[in-house]
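The values are calculated or read from the model by the stated rules, or taken from the named source; none is laboratory data. This is a predicted model, so every value here is computed, not measured. Neighbour counts run over all protein chains shown; Cβ positions are idealised from the backbone, glycine included.
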Amino acid sequence: MPADTPAPPPFATNIGNLTISGGRLDFEDRQVTPAYGNSLGDLHGSITNLSSMTESSAQVELAGKLDQLAPMQVTGRINPLRRDLLVDLKVDFHDINLSPLSPYSGKFIGYKIDKGKLNLDLKYNIAGRKLDSQNKAFIDQLTLGDKVDSPEATNLPVNLALALLRDRQGGINLDVPVYGSLDDPDFSVGRIVIKVLQPDRQGGDLTAGPAGRPDSPRAGPAVHPLPGRPVGDHPRGRRPTGHHRKCALPAPGPEDGAARQG
């Protein structure tokens, strides 16, 4: 082909409507001991106007149940077919039972989970290979169980951290905004979220330290358990009290890459 010949236009893909009814997704993670498995069932909803055209986006409306009990809802816009990935989604989970997550809690914090419920309100926006997300969680009646001997477990005072974060009725509100570049190989949302329980190195308490200013070049991303309405409807209909504490996270090291929190 001569050098001055224009490149052929990209192959266009258009899907008017994709409907899901009675779907099911099964998940198993064998990298933890014991292996963790779960399912997302009763999947139903639709994805409409899915196209590879740059200026378009598909409307998403999906619902289902995690472990047959915890309702899930996904709404928003996506375009996974174009070269520049577009995601603008809101994901809600309610009444997730935390006890089955003991393989993870044992591995990373050194304790099993006896009981607890989790509500999640997640908003994820990806444009121009940049992630901007809001992660709100309400954890109710989280109770740790037996200690687990794990070489990967944190050495942080987990029970003290949880006691400081709980309100008077046993609830914990967390708001963890995360943003960064998807092209950064060191970017990890999980690495940031796990630092929520990091104590202030100066005082040993979960308080806002001097490095908590988000506009400081060395600022650690501050996480604020917020008072007010909990994420989703509380199973007993109550509201958390105005009592809350702030968590200051340590200044990010080189391993944190370009990921930051606001």
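For this structure, a couple of remarks:
- Those residues of segment 92-136 which are hydroxyl-bearing (Ser, Thr, Tyr) and buried (at least 20 other Cβ atoms within 10 Å of the Cβ), in sequence order: Ser102, Ser105, Tyr111
- Residue within segment 74-90 that is closer than 30 Å to Thr154 by Cα, at pLDDT 95 or above, of a type outside the set (Lys, Arg) and not in a helix (DSSP H, G or I) present: no
- Some residue of segment 70-91 being of a type in the set (Gly, Ala, Ser), surrounded by 15 or more Cβ atoms within 10 Å (Cβ to Cβ) and over 22 Å from the mean Cα position of the chain (by Cα): no
- Residue match in segment 15-24 (condition: modelled with pLDDT of 85 or more and within 22 Å of the chain's Cα centre (by Cα)): yes
- Scan of segment 97-125 for residues that are aliphatic (A, V, I, L, M) and under 21 Å from Glu61 (Cβ atoms), ordered by number: Leu120, Leu122
- Any chance Ser46 is more than 23 Å from Lys117 (Cβ to Cβ) and modelled with pLDDT of 95 or more: yes
- Checking Asn159, Asn155 one by one, the residue that is of a type outside the set (A, V, I, L, M, F, W, C), more than 14 Å from the chain's Cα centre (by Cα), in a helix (DSSP H, G or I) and modelled with pLDDT of 80 or more is Asn159 and no other.
- Residue within segment 92-101 that is in contact with a Gly (Cβ under 8 Å, 6 or more places away or on another chain) and of a type in the set (Ser, Thr, Tyr) present: yes
- Looking across Val178, Val148, one residue alone is on the phi < 0 side of the Ramachandran plot, in contact with a helix residue (DSSP H, G or I) (Cβ under 6 Å, 6 or more places away or on another chain) and at pLDDT 90 or above. It is Val148.
- Per-region count, segment 32-73, residues among the charged types (D, E, K, R) and in a loop (DSSP other than H, G, I, E, B): 2
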